1. Of all residues being crowded, with 18+ Cβ neighbours inside 10 Å and assigned to a loop (DSSP other than H, G, I, E, B) in the stretch A:35-64, which is nearest to the chain's Cα centre (by Cα)? Just the residue, please.
2. Could you grab me the full set of residues in the stretch B:254-269 that are of a type outside the set (Gly, Ala, Ser) and either farther than 18 Å from residue B:194 by Cβ or free of Cβ contacts under 8 Å to residues at least 12 places away in the same chain (or both)?
3. Taking the condition of a type outside the set (Ser, Thr, Tyr) and more than 17 Å from the chain's Cα centre (by Cα), does residue A:191 pass?
4. For the stretch B:377-397, which positions are part of a loop (DSSP other than H, G, I, E, B), in contact with a helix residue (DSSP H, G or I) (Cβ under 8 Å, 6 or more places away or on another chain) and either surrounded by fewer than 24 Cβ atoms within 10 Å (Cβ to Cβ) or at pLDDT below 95 (or both)?
5. Can you confirm whether residue A:480 is of a type in the set (Gly, Ala, Ser), within 14 Å of chain B (Cβ to nearest Cβ) and closer than 25 Å to residue A:130 by Cα?
6. Looking only at residues that are among the basic types (Lys, Arg) and within 14 Å of chain B (Cβ to nearest Cβ) in the stretch A:89-143, which one is nearest to residue A:11 (Cα to Cα)?
7. Checking residue A:69 against (1) in a loop (DSSP other than H, G, I, E, B); (2) more than 20 Å from residue A:195 (Cα to Cα), only one condition comes out false. Which one?
8. Give the stretch B:204-240 a look and list any residue that's hydroxyl-bearing (Ser, Thr, Tyr), under 20 Å from the mean Cα position of the chain (by Cα) and assigned to a helix (DSSP H, G or I), or say none.
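The values are calculated or read from the model by the stated rules, or taken from the named source; none is laboratory data. These numbers come from a predicted model, not from an experiment. Here the Cβ positions follow ideal geometry from the backbone for every residue, glycine too, while neighbour counts run over all protein chains shown.
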Amino acid sequence: MTDQFSLKLDTPAYKGTVSINTGLFINGQWLKSVNPEKLDVVNPATGKIVTSVEGGCSKDIDIAVDAAEKAYKTSWGLKVPGSTRGQMLLNLAKLIEENADEFAALEALNCGKPFGQAQQEIAGCVNEFKYYAGWADKVHGKTIETTENKMAYTRHEPYGVVAAIIPWNGPMMMLSWKVAPALATGNTIIVKPSELTPLSALKFASLVNEAGIPPGVINIVNGTGPAVGEAMAYHPRIRKLAFTGSTLTGRKIQEASAKSNLKVITLELGGKSPNIIFDDADLEQAIKWASFGIFANMGQACCAGSRIFVQEGIYDKFIEGFAAAAHYLQQNTGDPFSGKALHGPQTSSGQFDRIMSYINSGKTDGAHILSGGERDGNEGYFIKPTIFTEVKPNMKIAQEEIFGPVGVVIKFKTEEEVIEMANNTTYGLACGVFTENVSRAIRVAHALEAGTAWINTYHTIETMVPFGGYKQSGIGREQGEYALENYTQVKAVHINIGLKL
Amino acid sequence: MSTHFTHEFDTPAYKGKVSFPTGLFIDGKFVDGSDKTTIDVINPTNGKVITKIAEATAKDVDIAVEAAQRAFDTTWGLNASGATRSRLMTKLWEFMERDQKILAALEALDNGKTFQWALDVDIAFSTDTIRYYSGWADKIHGQVMETDDKKLTYSRHEPIGVVGQIIPWNFPLLMWTWKIGPALATGNTVVLKPSEFTPLTAIYMCSLIQEAGFPPGVVNIVTGYGHTVGNAISSHMKIEKVAFTGSTLVGRKIMENAAKSNLKNVTLELGGKSPNIIFNDADLEQAVNWSLHGIFWNHGQACCAGSRIFVQSGIYDKFLAKFTEKTKGLKVGDPFATDSYQGPQVSQQQYDRIMSYIDSGKEEGATVHVGGERVGNEGYFIQPTIFTNTEPHMKIVQEEIFGPVGVVIKFEDEDDVVHQANDTMYGLASAVFSQDINKALTVAHRLRAGTAWVNCANTLNASVPFGGYKQSGIGRELGEYALHNYTSVKAVHVNLGIKM
């Protein structure tokens, strides 16, 4: 009933077929939506449409919630011991691992990520499921001493039906960050992938039944924000929603919760993260990490180190090396499947336009283009790695999240000054500090208002270490043990042992 | 060329062939003992030799410790990330699952427990234990504590290094996993002595350790006697931690050796004489069934056996009648017959010891209500036995028998029974049967024991701690708690600007 999409690829990076079902995956079955409009899927390296998939609507969400609720009450939740839930997650991990290259190919095709980078993300996704499989039977409440007339303890219970809305910048990775802890703690879940990048989630859906996961526990409903995302955010029977995406949409999610059933929300939003390079940094390393910090994934990372503060003593040498790094990436730009490309296209035409408009605004505001600053080629959405210098803190390019390969470099004198400039933002997702002085490194890291502080490194995210934003970069933490809190609610139980009225 | 064991099982419960090396396992290889001597592995159903395995001496312990230290410094310890340790442990338990019937057959052959119990409980729980700890390996967390803004203060939970482990014969594979699971998860390397009575599954696991790809020296198995190998481990100057499960008597020796050598950290899981208390308002049928399991599971060879069964007077006669009937229905026979509940005791020594307790019960004037005799003429089979009309001072009431021998004691008063239950140097486990939530929980909380079972008995779980009060032990195994046994806490203070 639903359509299959199959594509044979014969490229240096990948030779094989990618094949997915294009339907909605609800209650262990593939369904067509009542909504006749499909979602076109574009290859951003060429700008051409690759295929189209079912796009859901609010009725589909109702069906999914029914299925998820039923599963929660009968074949999942606390009816199934943690060790069994853990085993299911391990099964998923194994199946993803077995199909790793096909997943990577789908990400590269859909997002524009160079194939090798996509492979790394899939490996991270496998580790995510393995990590949370280990937590599934270790969700502990406490017993709490009050008096001997009472036995008081807490249970960390699942919510029931939870929803996840995930972005397009790392589809499978973001899916695993949500699904793994949600399932480990006993919830059932409905996932809306980004309408720009639905392919890998559909591949994932095809493994769910094979992993032994009961129908209704994992549901994948593709669709747009207004059609599906909104239905989820307003749904009266979804108890918890986790969202990763723009701060703008994050506000709408929080508003929807307030206007519907006050569902608990966690948000991972945007950032304009400062990366601070002191005079006594290891220069060569600082350049490499700074480049990685802004240009990784073509700048499409919420935690990108997009404001690079360089102390005046090291400034000239730094920007020389930084420009060379950007140039090197530009020379190694190409098709994600070329096997050699280090830099690929932006993921969509919408993103391309947005980034180009920021670049123009930078030019208009009088900043200096040290590297890049224009489109690369005539096909697809390639933008040259771009560096702005002579940037004033109040410029749009210094204030607003560009979400592209555009770094702004700002010179500074003192530690106090740079801390103030770095914190002068509505965002607070991440930060970087480069210095060989351990006291300064830790002092500055502690002074910066951000959920992750990287010292002499950047973008190194670990499955077991929490990640999330201060201020308008988000609410809640993912990863590590901390993620378990997002998907459990605490019940306190008081047992009277003999206290009589 | 070290020893090897090949055996063809052709029994109602299991048919299959097994063949594996049975040398000492040191530094990733199977080797002979330094003295080239061997130990006879005896079949407790008939007293005959199953096979000979290599015997370790104190010298082999030294070699093993060296290999373990080398591994800790290079390929293991914090050189192997938690994720790596987790991955290898995952492979290990998957192999255990694959070979579960082989392991069950070896366990039944060596220990005398039935194949079915071995498969359904021992091997299943063992596999689950390794699985459980594989999940902890990358979740070893210290803390960061707020002190002063001019300081970064945090703790690291570091592995200790080379740990020594000595395990008993009653649940050979299970005890192996309870020790090795948390030790490996936290990054330690291990020198482990299985019981000389039941070494086969411990040695088989070494082949799986090899297959899983653990670096050489991470796990070392040195099978030998207590007075040689056990002594060497507990006295070793380069082992900083020893974990022992066995008798309270030997536990004292371990602790003494630790004190006299390098003050190594010691955890002990020792004996018990656990009370099982049945109130008038208990669910009678359930109380009988659980009590049966409480004392007769594993032929009474469980440290946490509910061996003192206190029954309130209002329910005493009914309880005793049903309990007796069910006890009589337990079939004692060959471990590989499909209808056996109970096989032989593990050794001649144990057999003699249990029979001597039964004799002492008779001599001191208790009533043999059921059983009390040998079964058959071959091997170490003993009838499930119940004594009644006992006095608190009797040996069979005070001392751990470690066999299928329970004493049933009538009581009247709640305070009195709690007092009697606690009147023992042991404190491993306890059980309470009552449908009254107030009574059940109050009594459970008042019993001085590391485990309190309410309306159940002898039911354990990898995530729940287990260990003894008083002379039943020091420290807790299982759950998150076991991680503490195998980590050293280092506090790190980083000065962020305080000037002298």
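1. Per the criteria, the residue is A:44.
2. Residues satisfying the conditions are B:255, B:256, B:257, B:260, B:262, B:263, B:264, B:265, B:266.
3. Details: of a type outside the set (Ser, Thr, Tyr): yes; more than 17 Å from the chain's Cα centre (by Cα): no.
No: the conditions fail for residue A:191.
4. Of all residues in the stretch B:377-397, those part of a loop (DSSP other than H, G, I, E, B) come to B:377-381, B:383-384, B:389-394.
Retained after the next criterion (residues that are in contact with a helix residue (DSSP H, G or I) (Cβ under 8 Å, 6 or more places away or on another chain)): B:380, B:384, B:390-392, B:394.
Result: B:390, B:391, B:392, B:394.
5. yes
6. Here the residue is A:94.
7. Evaluating residue A:69 over (1) in a loop (DSSP other than H, G, I, E, B); (2) more than 20 Å from residue A:195 (Cα to Cα) leaves (1) as the failure.
8. B:204, B:234
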